[in-house]
Ligand SMILES: Cc1ncc(COP(=O)(O)O)c(C=O)c1O
């Protein structure tokens, strides 16, 4: 509890896990309350212990490769007329920001004396990161993954297995990420005395939204300092994609009090919000309770969760972290949908202009942020600065890219992918 | 609160006066159909259930095992709506048996908690069991339930601290639901070292009845639980009867009646 007073209370949760007294909280079975209380105490105790904090920093540095670079994308900057900086989380070990969260939670698991971890995963990124952390810390690991996703992401299933994790396909409900979370919770209820649940994003019941944020906030803390050191200014805007919201809140936290810095989250717009086939939870959802927190939820008139759709499995979730709901309600951050087609366009653009193939999740942020950069460039000139969280690399998405762009045929007749910056004609 | 008699506590009092436990039966509304669930629940009442729990099917039932999940999913696929649940409540409550709704929170928040409490009371519902709401995060429900004179059944678990058990017992009305195994709903061997002590800890904090959910699926298991609990809660085993006879309604109802009779005898055999 002691650190609560040193954190920015205005945007932070109270000690019961409510943001703005409304969002978040802990809507959970009594059977898990003791475990969540134990976790809350252990996390707060750990964050106040310099030995834990420095061990966390050491592991991230030596093993995961942080701090990640803040890279000036010059060609991209010229295209949009503003300075575009990429926070290179794609260069972390396992290829995404997610390693920060799992190394934090696994280190905490060790500290709590538990021997087994469970995790849910959609595309497999958090599952791979969890399996990696489990290998590093010598913990048993079981990963729940929707059966639809295990078929779509066989390569990641194999990676988890090679790392020593057990992958359990989940057939219930829609057999995707939300059902994998349900199944992991069911495991946890029955195994809580020796098992820690490594939650994959800044959502779920208290303390997960705050704890996951704390483990990911290095992204923004580093980027803010790097921007000041490298350019002598704060950015005019920061941008990230939002699935559950961990990479976004990890970037945003450092800038919340810098009221002059615009904060932009980009949600998966799927086929377009108007089609109903999307996962733009904040933009198009309504307040409700899902997986233990009050937040925006894609739901029908009766409060049944509606299936989400996105080309990017990592964003394909009908809920969102409660702190984002609060930031949206406050107007401190803006959340805008980006469609599948727009994201794929940005994937191609970044690949061809910078030689960086982003994850499709990340490509949503790239597309949206370039629009922001164009506007800021027009308003403030070419020194206008936008930081984009490059949350992950695109290797895992090559199957989707092959299908989308018709790649992979080397007979020399395939047309090169034409990359168009947003707002420009092909 | 625990001392105010309600239709639910009266059912427990009556069982206690007969030196036995109460039989609490669960079935989701809309399974196998809205009418089918009414027929089935009435059959359970006729064959000896003392208290009825009607499940409100939900897309993300984190506390339920495969059997109840399957039933709820079927009900949703067949289009059951929240308003249908109230219709089932009304039809079952007409029999005079205390009828509670067991539901995850989001459908209630969506319906509007105040409107829900009012409509539930109008339908003759006795109250609500809330598996994903604890009293410390349930003030909206508590206020609405109190305003409409409804029972609030909260859960305790073997992992609950004594402080939390005391808090939960104090905030509950009707009975306290002891989820006596660490795990999801589902028929199992129904023995647990954890159940007896858990009931004892609830008793130590008030005089509210304690009903135990532990995966009971036959009369002998019911008798074992009845030896230490005020109520024996059965859910998955009832659902199983209907799932096993999905193509033959009459056979499903027959199985349901036979199971209820066996369980009703069981709660009377438990030495108390
Ligand atoms: C590279 C990458 N970015 C973003 C996300 C979305 O998660 P979050 O919103 O928690 O950052 C994922 C999830 O798998 C991911 O793999």
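The numbers here are math on the coordinates, done by the rules we state, and not lab data. Everything numeric in this text was worked out from a predicted model, so none of it was measured. Using ideal geometry, Cβ is built from the backbone for each residue, glycine included, and neighbour counts are taken over all protein chains shown.
Sort B:14, A:114 so that the residue with the fewest other Cβ atoms within 10 Å of its own Cβ comes first and the one with the most comes last. Provide the component values of the computation, followed by the final result.
Details: B:14 12, A:114 22.
Going from least to most buried by this count: B:14, A:114.
Each principal axis of the Cα cloud of segment A:73-117 was evaluated for its coordinate range; sorted largest first, these ranges are 52, 15, 10 Å. Considering only chain A, what is the antiparallel percent among its DSSP beta bridges, to the nearest 5? So the antiparallel bridges amount to about 30 percent of the total. The distance from the alpha carbon centre of segment A:384-407 to that of segment A:123-174 is 22 Å, rounded to a whole number. Radius of gyration over Kirkwood radius for chain B, both on Cα atoms: the Rg/Rh ratio is 0.93. Taking other C-beta atoms within 10 Å as the exposure proxy, A:141, A:216 rank A:141, A:216 from fewest upward. Structural descriptor for chain B: relative contact order 23 percent, calculated from alpha carbon pairs under 8 angstrom and at least 6 residues apart.
Label separation (residue A:45 vs residue B:95): 5.0 nm, computed from points 7 Å beyond Cα along the C-beta direction.
If you take the beta carbon distance between residue A:341 and residue A:75 as r and set R0 to 22 Å, what does 1/(1 + (r/R0)^6) give as a FRET efficiency, to the nearest 0.05? Mind showing how you got there, number by number?
Values: r = 22 Å, r/R0 = 1.02.
The formula returns an efficiency of 0.45 here.
When both bridge partners sit in segment B:8-269, DSSP labels roughly 0% of those beta bridges antiparallel.
Let me have the relative contact order for chain A, percent, based on Cα pairs under 8 Å that are six or more residues apart. Provide the component values of the computation, followed by the final result.
Working: 926 pairs, mean separation 79.4, N = 426.
For chain A, the relative contact order is 19 percent.
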